[in-house]
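To start, the structure itself, in structure tokens.
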Amino acid sequence: MSAAALGVDAGSTTCKAVAVDGAGRVLARRVEPASPRVEEQVERLVAALRAEAGAGPEVPLGATGYGRKRIRAGRTLTEITCHARGAFSLARRPGLLVDVGGQDTKIIRVGPSGEVLDFAMNDKCAAGTGRFLEVILGRLQIPMGEVAAHAAGPAAPVPVSSTCTVFAESEVISLVANGAPLEGIVKGLHRALASRVAALARGASAGGLDVLMSGGVALNGAMVEALREALGRPVAVVPEPQLVGALGAALSVLPGAPAA
Amino acid sequence: MLRRARYELAGRAVSPFLSRLEGWRRRLRPRPGRSGRGGASPFGPPLEAARKLKELMTAHYFQGRFAEGAVPVAWVTSGFPVELLRPLGYHTLYPENHAALCGVRRLVPALSDAAEHEGYARDLCSYARTDLGSLLTGETPAGRLPRPDLLACCTNICQTVLYWYRALAARLGVPLVLVDTPYVYGEAPPHHAAYVRAQLEEAVAVAERVARRRLDPAALRETVRLARDGSRLWGECLETATARPAPWTGFDGFFHIAPIVTLRGTEACNAYYRLLRDELRERVRRGVGGLREERHRLLWDNLPIWFAVREVSSLLAARGFNFVCTSYTNAWAEAGSRVDPDDPLGSVGLAYTHVILNQDLPHRLDTLRRLARSYGVDGAVLHSDRSCKPYSIGQVDLKERLARELGLRVLLLEADHDDPRAWSSEQADTRLTAFMEAFA
């Protein structure tokens, strides 16, 4: 099956690109840490995808993410619209989408056709985003891939402040220096982040909606669990959660896509 | 005597001079389109009255340079019943309006730094920081501000003004008259009205002493009538935007509000609004819009973001979104409805007690609902203003109610009315663009 559209999500932390078929199924994907030279990186990723998926220059490209304005694309849309479309195409039902990315946390109320009904985002401060975990886990020298294992033990969570990433970092250093168990600190970090996200979700939630999670942070099982606890509701993670924005961008250039 | 003559001359000579200057400028080079790029602009043709507005406000600030020692000078909060001061011959200066001017010119960070250096917290209202910073440094885009003989403060807009004006009084060593307006739940009870009226009488006594004049009841009645009529005329200007397309943008209104704030109760103010109203009505008659193509109509709540008015309005206008009404500009049209020249003190006291910021949340919701319906809007942007807590509190609930009851799309936009350090263009762009994408 050949590709019908390509989508790029040039995010703050990673750059994602996908190729989809006419039904919106992902045929090929690329994920890389974000480069400051957005145009070069996107050009390279898109060329690789076109080659892999057999997509000629006539196959359209949709773009989203922080770097979207610097990408030569057939269509450029915000991350909010793209995440809603991408997640809806995977889940096929309306709900509350929680997207925790590198520096943005988005809470999007998705309507019955995948449209955005309402949204809320963190403002001015990245203490409720993936960056919070990235900075502090980096300080604790715990690789992202091993986080879930560190949070799985029986240790009780150690309370950590979520007000500011920089202050939380120094707080964690003091906790370690005072002999607090690493497992407890890691649990406390997840709990702190989840409480920020849940507070934001309450602002946009009409209540009773299914909660879907996307974004790179959804790959961290401990975070999904902490969010479920904080919201008091089940949280379903969409398949390939990191690619949802790029998928939404690709869907927006498929023939028959909505006008926005 | 000489100073007085110089003051009068400054007030009368500037407008004709500026008008002649503009005439020469126009003859020398043709006026460009509103964006400076001719046909590419999403905005309709500029308002002719805008030139007159510039003249009026320039003349006001220019005359202020010569006010000291010529006439009594009062620094006044936007919500103070200025009707009491005009018949006593005061030249009034509005630090809030001046701070907005500083905001438009992007002077606030430097002025605020000066205030912060003096120990004022960054969490204070950016108008207060700008004003104190301007006082400390002497910096102002108006050239020079006259020092006050009197400070006049009314707490109907917030409590910050109380401490701000006390700080001014301590620094300047001049009398402060304070009018405390109890918060209104529903309708102000008679004992609140009596309490406010008693304070107005005390304020008049102080203002008389400073001005060395007695308040003439006939002149007071006339000023109150002018203020009432001015408020009605401003309301008539705003109402023209119920037409489709609206003949101007809500953001035009943010600039044309200046006379009703700073020159309320003067014939110059009313003459200006008659001119503006007639031009707007003529545009409605000819189908000329504030935007070339008006596709969606929006409501704006709270103060403008003075340093980004152009940025925000251009972003929205490019996609055909127009703010056809704002709760902020509307507030100045409502003030006049309670004013009665035959009961100046009593009615003015009631009018200033019932301003939007001194009333409860159900009143705010009613106002927004009424505006949304009468202007036929499809969405609303609620500016959550870091510097104006009384205006911003309750907006999460207002958002939910407007969405649920009227089916509006509503965006809560975090910013500050005067301090660009609390603003991120990129983040605002993403939120506003996502908001607009949802309308398709």
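Just so you know, all these numbers are worked out from the coordinates, no wet-lab data involved. Since this is a predicted model, take the numbers as computed values, not measurements. Heads up, the Cβs are rebuilt from the backbone with ideal geometry, glycines too, and the neighbour counts pull from every protein chain shown.
Tabulated values for the structure
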{"quantity": "Within the protein assembly as shown, percent of DSSP bridges classed antiparallel, to nearest 5", "calculated": "40"}
{"quantity": "Cβ neighbours within 10 Å from other chains - mean over A:70-82", "calculated": "2"}
{"quantity": "Histogram of C-alpha separations across chain B, 20 Å bin width, %", "calculated": "25, 60, 15, 0"}
{"quantity": "Candidates B:T181, B:T353, B:T140, ranked by Gaussian network fluctuation over chain B, Cα under 10 Å, top entry", "calculated": "B:T140"}
{"quantity": "Length-normalised contact order of the stretch B:352-440 in % [C-alpha pairs under 8 Å, at least 6 apart]", "calculated": "26"}
{"quantity": "Label point distance in nm, A:A23-A:E52, each placed 7 Å from Cα along Cα→Cβ", "calculated": "2.1"}
{"quantity": "Debye equation applied to the C-alpha atoms of the protein assembly as shown, log10 I(q)/I(0) at 0.08, 0.11 Å⁻¹", "calculated": "-0.72, -1.16"}
{"quantity": "Cβ-Cβ FRET estimate between B:E8 and A:S170, R0 fixed at 60 Å, reported to 0.05", "calculated": "0.40"}
{"quantity": "Cα convex hull volume per residue for the stretch B:284-358 (Å³)", "calculated": "119"}
{"quantity": "Karplus-derived 3J(HN,Hα), 6.51/-1.76/1.60, for each residue of the stretch A:6-16, Hz, glycine and proline x", "calculated": "10, x, 10, 10, 8, x, 6, 10, 10, 10, 10"}
{"quantity": "Rg/Rh (Cα only; Kirkwood hydrodynamic radius) as it applies to the stretch A:119-260", "calculated": "1.02"}
{"quantity": "Gain on full stretching of the segment that runs from B:T242 to B:A218 - 0.36 nm per residue minus C-alpha separation", "calculated": "4.9 nm"}
{"quantity": "Within a Gaussian network of chain B (alpha carbon springs, distance under 10 Å), most fluctuating of B:V339, B:V14, B:V348", "calculated": "B:V14"}
{"quantity": "Label zone at B:E293 (point 7 Å along Cα-to-Cβ), backbone N below 18 Å, the stretch B:417-440", "calculated": "B:436-440"}
{"quantity": "Under the Debye formula (equal points on every Cα, no solvent term), log10 I(q)/I(0) of the stretch B:238-323 at q = 0.10 Å⁻¹", "calculated": "-0.26"}
{"quantity": "Potential extension, B:L21-B:R65 segment - 0.36 nm per residue separation minus Cα distance", "calculated": "13.8 nm"}
{"quantity": "Net charge of Cβ neighbours under 13 Å - reference A:T165; Lys, Arg +1; Asp, Glu -1", "calculated": "+1"}
{"quantity": "12 Å beta-carbon shell around B:D419, net charge (K/R +1, D/E -1)", "calculated": "-1"}
{"quantity": "Lysines whose Cα lies under 26 Å from that of A:K106, excluding same-chain neighbours fewer than 8 positions away", "calculated": "A:K16, A:K69, A:K124, A:K187, B:K389, B:K399"}
{"quantity": "Relative contact order (%) - criterion: Cα under 8 Å, at least six apart; region: the stretch A:139-226", "calculated": "36"}
{"quantity": "Taking chain A and dividing mean pair separation by its residue count, relative contact order in percent (alpha carbons under 8 Å, at least six apart)", "calculated": "25"}
{"quantity": "Beta bridge orientation in chain A: antiparallel %, DSSP, nearest 5", "calculated": "65"}
{"quantity": "Long-range tail of P(r) for the stretch A:1-143 (Cα pairs > 28 Å, %)", "calculated": "22"}
{"quantity": "Fraction of antiparallel bridges per DSSP, chain B only, in percent to nearest 5", "calculated": "5"}
{"quantity": "Rounded tilt (10° steps) of B:49-64 against the dominant C-alpha axis of chain B", "calculated": "30"}
{"quantity": "Alpha-carbon radius of gyration plus Dmax, which is the widest Cα pair, for chain A in Å", "calculated": "18.6, 61"}
{"quantity": "Cleavage-rule hits, trypsin sites (Lys or Arg not before Pro), the stretch B:37-73, DSSP coil, Cβ neighbours within 10 Å at most 11", "calculated": "B:R37"}
{"quantity": "Separation in nanometres of the label points that stand 7 Å from Cα toward Cβ, at B:A110 and B:A40", "calculated": "3.0"}
{"quantity": "Pairwise Cα inverse-distance average, inverted: Kirkwood Rh of the stretch B:57-117 (Å)", "calculated": "13.0"}
{"quantity": "Separation of the B:R144 and B:R122 label points, Cα + 7 Å toward Cβ, nm", "calculated": "3.5"}
{"quantity": "Histogram of C-alpha separations across the stretch A:189-260, 5 Å bin width, %", "calculated": "3, 15, 22, 20, 17, 11, 7, 4, 1"}
{"quantity": "Partner chain coverage, peptide A:116-125 - average Cβ within 10 angstrom", "calculated": "5"}
{"quantity": "Cα-based shape type of the stretch B:347-440, given that a ≥ b ≥ c are square roots of the gyration tensor eigenvalues and the cut on a/c is 1.5", "calculated": "oblate"}
{"quantity": "Chain B: most fluctuating residue of B:T58, B:T262, B:T137 per GNM, C-alpha cutoff 10 Å", "calculated": "B:T137"}
{"quantity": "Cβ-defined net charge surrounding A:A152, 12 Å radius [Lys, Arg +1; Asp, Glu -1]", "calculated": "-2"}
{"quantity": "Cα-Cα P(r), the stretch B:84-167, percent of pairs per 10 Å interval", "calculated": "17, 50, 29, 4"}
{"quantity": "Theoretical FRET efficiency, 1/(1+(r/R0)^6), r = Cβ-Cβ of B:R51 and B:E187, R0 51 Å, to 0.05", "calculated": "0.75"}
